[in-house]
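Structure, as C-alpha cells:
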Amino acid sequence: MYYVYILISKLKQNEIYIGSTSKLSNRLKQHNSGKIFSTKRYTPWILIYYEAYREERLARSREQRLKQHGNAKKELKKRIGL
C-alpha cells in the first residue's frame, strides 16, 4: 500500500506537511528524528490524517493535487477540522 499523509507540528500548530510513502510508520519516525530537511525545523510531528492507495502513481498524484491546488487542500483541511 501507498499512503498520502498529513502531519501537524506540535510546536507550531498551523504548520502542516503533506507527503506520500509506502512505509508510513518509518516515514513518521524519519520526520521526528530530524532526518527530513524540509520538516526538521518544526519537529515533533503528529500524524493527523492519511489515505491509502494500491498504486504508487495514485498516491503521488493525490499528493501533488493537495500541494498544488488550493481548493483540494482547503477541502481536506475542512474535512479533518483544521
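Using a cutoff of 8 angstrom between alpha carbon atoms and counting only pairs six or more residues apart, the relative contact order for the stretch 2-80 works out to 35 percent. Modelled spin labels at Lys74 and Phe37, positioned 7 Å past Cα toward Cβ, are 3.2 nm from each other.
What order do you get for Tyr5, Tyr42 when you list them from fewest to most C-beta neighbours inside 10 Å? Before the final figure, lay out each step's value.
Working: Tyr5 22, Tyr42 17.
The fewest-first ordering by Cβ neighbours comes to Tyr42, Tyr5.
Report summary: the helix-based calculation at 222 nm, which adds -39500 (n - 2.57) for every DSSP H run with n ≥ 4 and divides by the residues of the chain, gives -12000 deg cm²/dmol.
Close amide H pairs (under 5 Å, H built 1.01 Å from N) link Glu15 with Ser9, residues at least 5 positions away or on another chain. Listed by Cβ neighbour count within 10 Å, with the fewest neighbours leading, Ser25, Ser9 appear as Ser25, Ser9.
Here, each number is a calculation from the coordinates, and none is a lab measurement. A quick note: this is a predicted structure, and the numbers were derived from the prediction, not measured. Note: ideal-geometry Cβ built from the backbone for every residue, glycine included; neighbour counts use all protein chains shown.
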